[in-house]
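The structure appears right after this line, and notes come after that.
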Amino acid sequence: MRTPVIAGNWKMNNTIAAAEKLIGELKPLVKDAKAEVVICVPYTAIQKAAELTRGTNIKVGAENVAWADKGAFTGEISAEMLKEVGAEYVIIGHSERRQMFGETDETVCMRTAQALKNGLKPIVCVGETLAEREGNKTEEVVKRQTEGAFKGLAAADLDNVIIAYEPVWAIGTGKTATAEQANETIKYIRSVVSSLYGKATADKLRIQYGGSMNPANASSLMAPPDIDGGLIGGASLKAEDFSKVVNY
Ligand code: PGA
């Protein structure tokens, strides 16, 4: 049995003060959640978020991590630094980073390996654009991204990995994949992992759906057997909305 994991992706939102307010509101609302609860927050808010959630069921993550240990990488933050301030998870290869910041399958792979080496749990994002879906390339794209991200990893590494399947056309657009569409692609991603690492590893791996998931559609998106949670952007910025998704 896979425990569903609902992760908030705050993106570039919330100062430390705003984070403090949101986490304060969130704690009582999600304390009885059956799903695992994670909030991935901007670098500047990680330490405060970790402090405020200590001893609760909310775990804290970052939104990216450098692929190197240290050195001349202006603007990057290392896994060691993230661990030091209390991050446990890290989002890697989000489509916004792939589209706007030159992230590639190779850099996603390097960042994933670096996270694992340092005991951070990667949430690796894959997903097709609208043109790719309309061109019937969805499977080809998610296969390439999945194989690319995991190059060089051992089956045991996968125990600490989560995949987020996020169709790019559904992110921040209010357009959600249907539960059938999401389940179908997630099932396919699981089959890709199965051919790389075997069925037992694939069956244990948690694969989330992400893209305009909200209180109104969370239950139906969480119903299919292959969908193991969600990566939530917009709806993670309001305690009430996020808690409703968490308690779907
Ligand atoms: P959204 O974002 O929920 O606002 O669509 C999801 C994501 O980008 O992770």
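Run the numbers on segment 5-246 and let me know its relative contact order in percent, using alpha-carbon pairs under 8 Å that are six or more apart. Reported as a whole number, the value is 21 percent.
Count charges around residue 54 for me, please; just the other residues with Cβ under 12 Å from its Cβ, Lys/Arg as +1, Asp/Glu as -1.
Values: positive: 27, 48, 59; negative: 51, 88.
My count for the surroundings of residue 54 gives +1.
Under the combined filter of DSSP loop state and at most 11 neighbouring Cβ atoms within 10 Å, segment 1-108 retains these trypsin sites (Lys or Arg not before Pro): 34, 54, 70. With the helix formula -39500 (n - 2.57) applied to DSSP H stretches of n ≥ 4, the chain reaches a computed 222 nm mean residue ellipticity of -12500 deg cm²/dmol. Computed on the Cα atoms alone, the convex hull of segment 5-246 gives a volume of 116 cubic angstrom per residue. About its Cα centre, the dipole of segment 5-246 is roughly 340 debye, where the only charges are +1 on Lys and Arg Cβ and -1 on Asp and Glu Cβ. Residues 77, 91 in ascending order of nearby Cβ atoms (within 10 Å, fewest first): 77, 91. Checking the a/c ratio against 1.5 first, then a/b against b/c, what shape does the Cα gyration tensor give for segment 9-142? Verdict is oblate for segment 9-142.
Every read-out reported here was derived from the displayed coordinates using simple, explicitly stated rules and does not represent laboratory data. Model, not experiment: these values are computed from the prediction. Ideal geometry is used to build each Cβ from the backbone, glycine not excepted, and the neighbour counts take in all protein chains shown.
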